[in-house]
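A short worksheet on the structure shown next.
The values are calculated or read from the model by the stated rules, or taken from the named source; none is laboratory data. Given the structure is predicted, the values throughout are model-derived calculations rather than measurements. Ideal geometry is used to build each Cβ from the backbone, glycine not excepted, and the neighbour counts take in all protein chains shown.
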Amino acid sequence: MRTAILVLAMIASSVAQQAEKTEPYEVKGVKLGSSLDEWKQRPAAAECREVVNKGDDYSCLELGATFAGASGKEIVSFYKQRLSSFYFVISAADYSGVRAALEQKFGKPASVESKTYQNGYGAKFQGEYVTWTNGISTIALEEMGSDKMHSTLMFGQLDILAEASKAKAKAKANDM
């Protein structure tokens, strides 16, 4: 029994050390979790049109943003002045190239699912939903976003997203 506890303690210590070595994903030269000021000072800074600035939430829209050669719209979100997520909407024609670039940079996906999408007329389409994670950050690439013409890509910092979600749920509960 004593040996089992010692082995478990050693495993827990090893896991904690590995987590400390893991870095948040970096997008366009800025790591998820970085400050709003760091974001504004990045090398490829584009015009950011503020769309939300309420309490601890700040989001902005960048038109003409690019990722892996694909251009589209980008929404960048912050919670308590920390970069919580990037959300890209790109042409579905760019999906394969973006997926290949993500695999090259972040390795094999954690999961690949086939999803069925349905448009407003009832037609159904198959598309991939691919995720990567390093335990700190996550990436989700959806072959078909809100329509068959666009794909979506989201980078998220897990602890910040969880904190923001918890705060929103608490605010909603207090509002009732």
(request) Working only within region 110-132, note down all residues that are touching a residue at least 24 places away in the same chain (Cβ under 8 Å) and either within 18 Å of Gly156 (Cα to Cα) or part of a loop (DSSP other than H, G, I, E, B) (or both). (result) Asn119, Val130, Trp132
(message) What are the pairs with Cβ atoms under 7 angstrom where one residue, in region 81-101, is exposed (fewer than 15 other Cβ atoms within 10 Å of the Cβ) and the other, located anywhere, is assigned to a helix (DSSP H, G or I)? Sequence gap at least six, or different chains.
(response) Gln81/Leu36
(message) What are the pairs with Cβ atoms under 7 angstrom where one residue, in region 39-57, is surrounded by 11 or more Cβ atoms within 10 Å (Cβ to Cβ) and the other, located anywhere, is of a type in the set (D, E, K, R) and modelled with pLDDT of 75 or more? Sequence gap at least six, or different chains.
(response) Arg42/Lys28; Ala46/Glu62; Cys48/Glu62; Asp56/Lys80
